[in-house]
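Below is one structure, written out as structure tokens; comments come after it.
Nothing in this text is a laboratory measurement; each read-out follows from the coordinates by a stated rule. Values in this document were obtained by computation on a predicted structure and should not be read as measured data. Here the Cβ is made from the backbone with ideal geometry for all residues, glycine too, and neighbour counts use every protein chain on show.
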Amino acid sequence: KAGVTQTPRYLIKTRGQQVTLSCSPISGHRSVSWYQQTPGQGLQFLFEYFSETQRNKGNFPGRFSGRQFSNSRSEMNVSTLELGDSALYLCASSLSWSNTGELFFGEGSRLTVL
Amino acid sequence: QQQVKQSPQSLIVQKGGISIINCAYENTAFDYFPWYQQFPGKGPALLIAIRPDVSEKKEGRFTISFNKSAKQFSLHIMDSQPGDSATYFCAAVSGNTGKLIFGQGTTLQVKP
């Protein structure tokens, strides 16, 4: 069974640009969550989608947005990039909404903002 | 109130020794406590998890101890091996929100 797939794995952008990251969950998983990982702030919750609906949202500015498609694949978008957005963005999937914290993570998309 | 505090930040243990990582929380609404293991270049992977109505859970060399009254829980790695060298995250989730709150992480190095 294939794991969570995230694309692209690495990308470099400049300030002010926007970026879209993609996540394909494990087959059959309907919930997708996104996390930002940085050395200073650790792992921080961005948002969670279940059946194309955003169930939860973390404390991030509106520049961070996401969506989920009918096949459970998800994308997240960051607009007007800032230097501080440089991070590893992790996608995680679960069978249902993650009320047990049992998530399956992808290897992440490492974003560098110059 | 949403924080999960984890210590130590880093830990060096000799092969065969016991690694102990501690976490504390404030929010009594948390009702599930998973631990994740992350190797460099990889995403976190679920290691072991516990509910607050259980005081201890053991899976192989990994044991979670849970103290509900103190709002603390810890991970013990017995007979630590160099392959256990990784970053470990404790976490907590409230069933009502489904939002996973992570501790800051502990980088474990097991010396051969």
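Listing for the model above:
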read-out	value
Kirkwood Rh and Cα Rg combined as Rg/Rh, segment A:52-104	0.97
Segment A:13-110: trypsin sites (Lys or Arg not before Pro) in DSSP loop, at most 13 other beta carbons within 10 Å	A:15, A:63
Chain A - charge dipole about Cα centre, Lys and Arg +1 at Cβ, Asp and Glu -1, debye rounded to 20	140 debye
Cα centroid separation - segment A:37-63 against segment B:49-74, whole Å	27 Å
Segment B:6-91, relative contact order [Cα under 8 Å, separation at least 6], %	37 percent
When each of B:15/B:68; A:13/B:5; B:42/B:111; B:58/B:111; B:42/B:68 is checked by Cα-Cα distance, pairs over 28 Å	B:15/B:68; A:13/B:5; B:42/B:68
Computed FRET value (nearest 0.05) for residue B:10 with residue A:11, which takes r as the C-beta separation and R₀ as 41 Å	0.90
For residues of B:16-28, the mean tally of beta carbons on other chains within 10 Å	0
Choice from A:21, A:88, A:11 showing the highest fluctuation, given a GNM over chain A with Cα pairs closer than 10 Å	A:11
Signed unit charges on C-beta, dipole axis of segment B:1-71, positive-most listed residue B:32, B:6, B:54	B:6
Peptide B:46-55, shielding by other chains (average Cβ, 10 Å cutoff)	1
Counting all C-alpha pairs of segment B:42-112, share separated by more than 20 Å (%)	34 percent
Residue among B:70, B:86, B:49 with the largest mean-square fluctuation in a Gaussian network model of chain B, springs linking Cα atoms under 10 Å	B:70
Gyration tensor (alpha-carbon) shape descriptor, chain A, a/c threshold 1.5	prolate
Eligible aspartates and glutamates near residue A:57 by straight Cα distance, threshold 13 Å, same-chain separation 8 or greater	A:48
Debye log10 I(q)/I(0) at q = 0.08, 0.09, 0.18 Å⁻¹ for the protein assembly as shown, Cα point scatterers	-0.29, -0.36, -1.32
Dipole magnitude (debye, nearest 20) for the protein assembly as shown, charges at Cβ of Lys, Arg, Asp, Glu	220 debye
Listed residues A:76, A:33, A:3: farthest to the positive end of the dipole of chain A (Cβ charges)	A:76
Gyration tensor (alpha-carbon) shape descriptor, segment A:28-67, a/c threshold 1.5	oblate
Extension gain (nm, one decimal) between residue A:86 and residue A:53, 0.36 nm per residue minus Cα-Cα	9.2 nm
Chain A - percent relative contact order, Cα under 8 Å, separation 6 or more	37 percent
Positive-pole candidate from B:45, A:91, B:89, dipole of the protein assembly as shown, charges at beta carbon	A:91
